[in-house]
Amino acid sequence: MDGFRIERSTRESRGFAVVLLLGGVTLVTLPYWAGPGTMRLISEMAYYLALAQLWNLLAGYAGLVSVGQQAFVGIGAYALFYLTSQFGMNPLLAMALAGPVAAAIALPMALAVFRLRGAYFAIGTWVFAAAFELGVSLIQPLGAGSGMSLTPAILYAITPGREARALIIYWLSLAIVFVVCAVVYLLLRSRHGLALTAIRDSEPASASLGVDTFRTKLMIYVITAALTGVIGALIFVQKLRLSPEAGFSVNDWTVVVIFMVVIGGIGTLEGPFIGLLIYFALREFLADYGTWYLILLGVVAVAIMLLAQEGLWGLVVRRFDIHLLSVRRHLLR
Amino acid sequence: MDWINILIQGALLGGLYALFAVGLSLAFGIMRLVNIAHGDLIVLAAYLALMTVQTTGLGALGSLVVVVPAMFVLGYLLQRGLLNFTLSGGLLPPLLVTFGISVIIENVLLQEFGADIMRLHAGAIETASLRLGGGIAVGVYPLLVFTTAVAAIAGLQLLFDRTTLGRAFRATSDDAATAELMGIDNRHIYAVAMGIAMVFTALAGVLMGIRTTFDPSAGPVRLIFAFEAVIIGGLGSLWGTLLGGMVLAIAQEVAGAVSPNWQILAGHIAFLVILIVRPSGFFPRTRD
């Protein structure tokens with residue numbers, strides 16, 4: 001192997017790392033120079049980006065097209081509301097615990113839904129989410145059908161000042177999206193990433209080469225469930241009110257996320273970023289037209305799937321061959 | 001005697017769920033396509049019936065004369081113009097395209113008809129019942145729905161077993177490439193299959209609209225019921241689908257009699273239990 005070396009980054013990806021760093025600094029310092037409206041928007045974009053990256057990891061890399069990720073958003077949110085209101089737990093600790101709670105539920109669930117393949121897997125996960133929504137609305141300590149609220153006393157436990165609290169939650173959103181992106185990126189660069197890419201390209205072939213497809217997929221499913229649970233807790237600590245319908249909403253936590261990933265480019269790390277920007281731009285422009293923006297998103301997603309399966313980022317890659325977040329290995333002489 | 005009544009109610013309702021499921025099962029059996037928009041197409045059929053009743057003065061059941069052909073044409077065009085192009089590229093395209101269609105249908109209905117709850121009215125037949133003695137009574141309408149489901153499934157089974165079209169369906173299902181070599185035009189066969197699937201969807205939508213209320217967001221729940229019936233019955237088996245529908249509906253009705261809040265949840269739980277103990281359903285025929 002003399003004279004050969006493996007390179008992981010490209011010139012663009014090193015340049016892009018600098019851009020990302022500058023962007024990160026801008027966002028972290030944003031509260032000092034922008035208004036609360038902007039902060040709320042960025043915070044919302046942050047958790048949607050995190051959800052999109054996680055769904056992309058599941059569907060785009062592990063081939064697990066789930067339409068039931070709202071289950072874990074809801075579970076995480078309910079874990080936070082229950083732990084804080086019943087045991088007086090600090091909301092930030094409860095938020096961290098929402099992850100293990102979601103993972104503990106995802107593991108046995110996976111053993112059932114993993115029996116279904118492809119699209120049936122998608123609907124199976126949906127059934128689970130629907131069952132959780134109906135189940136929670138029967139449980140009195142979880143507020144049954146009418147839901148739960150976070151009392152001021154619980155919020156004081158984060159920090160008493162209103163503005164300081166907004167600041168903490170804003171930075172937490174940034175921290176979570178950073179952690180999620182980092183986990184996905186590092187996972188894809190690790191040996192599990194190679195296994196995942198092999199599974200994405202051909203499951204039987206990767207199994208025949210010794211990839212333990214079941215364990216790899218199970219690991220991805222449980223990790224994404226845990227992180228989705230934490231994001232769910234974070235989302236609803238901002239909303240202050242939680243009902244079964246809101247927590248387990250398929251439209252808010254899965255449909256929109258799927259559209260972002262598909263439009264941006266499924267199976268690429270850059271895709272969810274592009275999809276996020278397009279989604280929020282469309283939403284801003286079409287805010288006055290009610291349901292039309294969902295119809296338009298649907299049309300765009302269908303068109304993308306038919307004409308350019310790799311999404312908008314895939315088109316960019318094919319045209320210019322740039323990889324901003326490189327997870328590839330290049331053999332160089 | 002109450003419990004016998006509840007079981008009969010459940011069994012009859014199972015016929016409607018089987019009608020929900022047949023279209024889904026057919027599309028999967030022939031083109032390995034899982035149509036996520038299936039539930040929304042059922043609801044769309046109910047709205048088409050509503051429009052037909054309002055514009056032509058036909059009765060709710062009479063509207064089938066318009067809705068069934070309309071849905072056949074829609075199914076044919078949908079498959080020929082859109083879904084056929086998704087079949088060659090792996091798992092994601094058909095899934096995400098039908099998912100997109102589902103969201104489009106739901107929101108177009110919402111835009112056109114608003115979020116109000118709608119219902120089709122079929123007159124006296126809705127409340128008529130037959131007394132069977134011993135305190136057991138059967139509603140005429142549920143009985144009609146169940147008989148329709150049985151007749152429709154029997155008809156479809158005959159079509160599969162006895163006709164040239166059925167043979168072409170089975171051939172493409174077994175080996176699409178070889179079927180094409182034998183002179184079958186797969187694109188057309190798939191489109192006809194989706195048209196037929198939509199005939200059942202139209203029946204299901206209209207019969208559902210008379211039995212219960214519906215609104216634009218009612219689709220996903222119908223998709224889930226259809227899916228549960230298919231998996232309980234076993235992939236690819238038409239009569240299994242009827243059985244699956246009945247198991248699901250009986251679970252719902254029994255739980256609903258105990259506590260109405262548990263009705264739908266009990267159906268999901270029954271499905272999940274069967275998925276865990278008998279993952280390939282009762283009469284599996286297709287391997288995916």
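Summary of values
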item	result
Conditions (1) away from chain A (no Cβ under 12 Å); (2) surrounded by fewer than 20 Cβ atoms within 10 Å (Cβ to Cβ); (3) in a helix (DSSP H, G or I); number of the one not met by B:Trp262	(1)
Subset of the stretch B:72-117 [more than 10 Å from chain A (Cβ to nearest Cβ), among the polar types (S, T, N, Q) and surrounded by fewer than 22 Cβ atoms within 10 Å (Cβ to Cβ)]	B:Asn84, B:Ser88
Flag for B:Leu41 being outside any helix (DSSP H, G or I) and under 14 Å from B:Gly205 (Cβ atoms)	no
Total residues in the stretch A:106-140, condition under 20 Å from A:Thr224 (Cα atoms) and not in a helix (DSSP H, G or I)	4
Test: residue in the stretch B:51-74 that is under 19 Å from the mean Cα position of the chain (by Cα) and within 29 Å of A:Asn56 (Cβ to Cβ)	no
Single unsatisfied condition, B:Ile274 versus (1) surrounded by fewer than 19 Cβ atoms within 10 Å (Cβ to Cβ); (2) within 14 Å of chain A (Cβ to nearest Cβ); (3) in contact with a helix residue (DSSP H, G or I) (Cβ under 7 Å, 6 or more places away or on another chain)	(1)
Unmet requirement for B:Glu228, which otherwise passes all of (1) surrounded by 24 or more Cβ atoms within 10 Å (Cβ to Cβ); (2) part of a loop (DSSP other than H, G, I, E, B)	(2)
Leading residue by the ranking (surrounded by the most Cβ atoms within 10 Å (Cβ to Cβ)) among those in the stretch B:249-259 that are more than 11 Å from chain A (Cβ to nearest Cβ) and out of contact with any Leu (no Cβ under 8 Å at 6 or more places or on another chain)	B:Ala251
Qualifying position, being more than 12 Å from every other protein chain (Cβ to nearest Cβ) and either under 26 Å from B:Gly90 (Cα atoms) or surrounded by 15 or more Cβ atoms within 10 Å (Cβ to Cβ) (or both), among A:Gly88, A:Gly118, A:Gly99	A:Gly99
Count - residues of the stretch A:177-215 that are under 30 Å from A:Leu97 (Cβ atoms) and either in a helix (DSSP H, G or I) or under 22 Å from the mean Cα position of the chain (by Cα) (or both)	21
Residue tally, condition touching a helix residue (DSSP H, G or I) at 6+ places or on another chain (Cβ under 8 Å) and either farther than 18 Å from B:Phe200 by Cα or not in a loop (DSSP other than H, G, I, E, B) (or both), over the stretch B:55-76	14
Hits in the stretch A:134-147 - residues which are facing another protein chain (nearest Cβ under 9 Å) and closer than 18 Å to B:Leu272 by Cβ	A:Leu134, A:Gly135, A:Ser137, A:Leu138
Close pairs from the stretch B:12-31: first free of Cβ contacts under 8 Å to residues at least 24 places away in the same chain and more than 10 Å from B:Ala229 (Cβ to Cβ), partner among the polar types (S, T, N, Q) and in a helix (DSSP H, G or I), Cβ under 9 Å, at least 6 apart	none
Helices (runs of 4 or more DSSP H) contained entirely in the stretch A:220-333, each with at least 2 residues that are basic (Lys, Arg)	A:311-320
So B:Glu126, is it within 28 Å of B:His38 (Cβ to Cβ), more than 14 Å from every other protein chain (Cβ to nearest Cβ), surrounded by fewer than 18 Cβ atoms within 10 Å (Cβ to Cβ) and acidic (Asp, Glu)	yes
Which numbered condition B:Ile196 fails, given (1) in a helix (DSSP H, G or I); (2) surrounded by fewer than 20 Cβ atoms within 10 Å (Cβ to Cβ); (3) more than 14 Å from chain A (Cβ to nearest Cβ)	(2)
Counted residues, the stretch A:292-322 - those being modelled with pLDDT under 80 and surrounded by 19 or more Cβ atoms within 10 Å (Cβ to Cβ)	0
Subset of the stretch B:152-175 [closer than 19 Å to B:Phe85 by Cα and either crowded, with 18+ Cβ neighbours inside 10 Å or of a type in the set (Ser, Thr, Tyr) (or both)]	B:Phe169, B:Thr172, B:Ser173
Residue satisfying all of: in the stretch A:24-77; among the polar types (S, T, N, Q) and assigned to a helix (DSSP H, G or I); farthest from B:Ile36 (Cα to Cα) among these	A:Thr29
The stretch A:141-176: number of residues that are over 23 Å from A:Gly24 (Cβ atoms) and part of a helix (DSSP H, G or I)	11
Every residue from the stretch A:121-141 that is of a type in the set (A, V, I, L, M), closer than 23 Å to B:Ala255 by Cβ and crowded, with 18+ Cβ neighbours inside 10 Å	A:Ile123, A:Val127, A:Ala129, A:Ala130, A:Ala131, A:Leu134, A:Val136
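Results for (1) within 30 Å of B:Ile4 (Cα to Cα); (2) among the polar types (S, T, N, Q); (3) at pLDDT below 90, shown as yes or no for each residue.
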site: B:Ala115; (1), (2), (3): no, no, yes
site: B:Thr127; (1), (2), (3): yes, yes, yes
site: B:Gly139; (1), (2), (3): yes, no, yes
site: B:Leu143; (1), (2), (3): yes, no, no
site: B:Ala152; (1), (2), (3): yes, no, no
site: B:Ala171; (1), (2), (3): no, no, yes
site: B:Thr178; (1), (2), (3): no, yes, yes
site: B:Gly183; (1), (2), (3): no, no, yes
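The values are calculated or read from the model by the stated rules, or taken from the named source; none is laboratory data. The structure presented is a predicted model; accordingly, all values stated were derived computationally and were not measured. We place every Cβ from the backbone using ideal geometry, glycine too, and count neighbours over all the protein chains shown.
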